[in-house]
Amino acid sequence: MRDQSEELRSLLADVRAGDRKATEAQHAKGKLTARERIDLLLDEGSFHEVEPLRRHRAQGFGLEGKKPHTDGVIVGWGTVHGRTVFTYAHDFRIFGGALGEAHAQKIHKIMDMAIAAGAPLVSLNDGAGARIQEGVTALAGYGGIFQRNTRASGVIPQISVMLGPCAGGAAYSPALTDFVFMVRETSQMFITGPDVVQAVTGEKITQNGLGGADVHSAVSGVSHFAYDDEPSCIEEVRYLLSLLPQNNREMPPVVAADDPVERRNDPLLTLVPVDGNRPYDMRKVIEEVVDHGEFLEVHEHWAGNVLCALARLGGRTVGLVASQPLSLAGVLDIHASEKAARFVQFCDAFNIPLVTLVDVPGFLPGVDQEHGGIIRHGAKLLYAYCNATVPRISLILRKAYGGAYIVMDSQSIGADLSYAWPTNEIAVMGAEGAANVIFRREIAAADDPDAVRAQLVKEYTAELMHPYYAAERGLVDDVIDPAETRAVLVAALEVLSAKHAVLPSRKHGNPPQ
């Protein structure tokens, strides 16, 4: 028995060490091995591997004499900050990480275990797609992954970390997960590679130019995060996991609030200009309000006119949706609506309260926006908010005009508590535009149209856009001192922490697409 145990330990040691030359080749590309990545992701010594001795059973096409253990994917579970996390990592050293039947079955097993255990799933992707030698069984393996991604959606957090190439149908699994992380220069995602693109369209482009981290984080919106190196990327995955609940039946973890809840926010008095036409950085507002100024921005480089971030307020995880006046004056457009809608849906699925910071002049006008379906895409954000049952708090800093005001979690679509600063302007449109519409005949008939227009704008503002107009009509619950913003929001989160909402019985809704 002792000899057999020693033989097993020796075999497992060889499996875990892998081929030395293949390891050197992986390092030469500036990439870590699958096991090195797992070691970075999980707490030290916590990894439990499943099926390390699994081999494929394919015949022909040069595979008979190549039956390496693990079959090119390492699966198992461990802990991140002491909480259980399931993971699988493609091993590029074996068949280029390509997926075959046994490879897929290992992934299916660990996904099923994650769903059953109610714990997050993190995939460390570095594979060449379907294993051509195994034909349709490889494609069926992907189908099983996609089906499980969909079944797990909204049940457990799913995070895809792209650490190498991801081509063809393999790109759809990350697209089905909650968050996609990428590393510059080494990770790419595309349905058809540069060679096919050139053959079909004549366009010449590099792999990174077609589907690199910067492309997907700033242009396509496929990637939520992009980093310069693997350790930084994986460390941020650990931070994200620390903010999330294990599953949809649990609340996000609450930590000790060592940043004083009653801390005043006096810098906000000068940070946000009273003049609604002057821009400012909403990130500075968020930094001032949240615990220790720390937040994790989602889609930082895509659709910058709206900000989405996870942070803590009084030790509680919150999802922040905020206008960004530095980009397109904070208007909503197609991409911003899509970005915010999916973030709202994620937070609602995993019991994360929503705080919306509003300074929005409206939806972006233009032929491109209308023909691109701004009505349909804007409705996605409206649907997401209306459907959300988590605690919802909105704060109007300055402008809140037209349909964009309604869509940004106004009280009329179900915000639990709605606050405003004394600088708020809630209206159908800006005073000058409103005066031009309402009093166009008087202005046109006047001897001095500019003087008359200025006077009418002044009167309209005084009557319908003064800071307390909305509060007098119950459209906001209170007008607050900006310096007390943090204390007010933390108190609101506390009182709403036990909120329970019941939706009508239905199979599912039919959101706008």
Give the long-range amide H neighbours of Leu332: residues separated by 5 or more places, or on another chain, with amide H under 5 Å away, using H modelled in the peptide plane at 1.01 Å from N.
-> Gly362, Phe363, Leu364
Rounded to the nearest 0.05, what FRET efficiency do Asp214 and Glu297 have when you use their Cβ-Cβ distance and R0 = 25 Å?
-> 0.95
Distance in nm between label sites at His81 and Gln513, each 7 Å beyond Cα in the beta-carbon direction?
-> 3.6
Where in region 256-271 is the amide nitrogen less than 17 Å from a point lying 7 Å along the Cα-to-Cβ axis of Lys284?
-> 265-271
Calculated FRET efficiency, Ser153 and Val255, Cβ-Cβ r, R0 22 Å, to nearest 0.05?
-> 0.25
What's the exposure ranking of His500, His301, going from fewest to most Cβ atoms within 10 Å?
-> His500, His301
Glu7 versus Ser497: modelled label distance in nm, points set 7 Å from Cα along the beta carbon direction | 5.8
For Ile396, residues with placed amide H under 5 Å, excluding near neighbours = Val358, Tyr419, Ala420, Trp421
With Rh as the Kirkwood radius over Cα pairs, region 20-243 has Rg/Rh of 0.95
Which ordering of Met251, Met189 is given by a fewest-first count of other beta-carbon atoms within 10 Å?
-> Met251, Met189
Checking region 202-282 for trypsin sites (Lys or Arg not before Pro) in a loop per DSSP with at most 12 other beta-carbon atoms within 10 Å yields Lys204, Arg249
Enumerate the lysines that Lys507 could reach by cross-link, defined here as Cα to Cα under 21 Å, with residues fewer than 8 away along the same chain left out.
-> Lys380
Only Lys, Arg (+1) and Asp, Glu (-1) charged, at Cβ; region 60-192 dipole about Cα centre in debye | 160
In nm, the gap between the two label points placed 7 Å beyond Cα toward Cβ at Lys204 and Lys29 is 2.4
Which entries in Lys284/Lys458; Lys67/Lys106; Lys21/Lys66; Lys67/Lys109; Lys284/Lys399 show an alpha-carbon gap greater than 22 Å?
-> Lys284/Lys458
Would you mind giving the three semi-axes, in whole Å and largest first, of the ellipsoid equivalent to the chain according to its Cα gyration tensor?
-> 50, 26, 19
Between Ser412 and Glu442, what FRET efficiency comes out of the Förster formula 1/(1 + (r/R0)^6) with R0 = 35 Å and r the beta carbon distance, rounded to 0.05?
-> 0.65
Exposure proxy check on Thr70, Thr270, Thr33: fewest-to-most Cβ neighbours within 10 Å is Thr270, Thr33, Thr70
Test item: Cα-centred dipole of the chain, Lys/Arg +1 and Asp/Glu -1 on Cβ, debye = 1800
Could you work out the helix-only [θ] at 222 nm for the chain, with each DSSP H run of four or more residues adding -39,500 (n - 2.57) and the total divided by the number of residues, to the nearest 500 deg cm²/dmol?
-> -11500 deg cm²/dmol
State the answer as a single residue: which of Gly193, Ala22, Ala226 lies farthest towards the positive end of the charge dipole of region 20-243, with beta carbon charges of +1 for Lys and Arg and -1 for Asp and Glu, about the Cα centre.
-> Ala22
In whole angstrom, note down how far apart the Cα centers of region 114-166 and region 192-215 are.
-> 24
Please give the helix 374-387 orientation as an angle from the longest Cα principal axis of the chain, in degrees from 0 to 90, rounded to the nearest 10.
-> 80
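We did not get these values from a lab; they are worked out from the coordinates using the rules stated. As the structure is a prediction and not an experimental result, all values here were calculated from the model. Because the Cβ atoms are built from the backbone with ideal geometry, glycine has one as well, and the counts that use them run over all protein chains shown.
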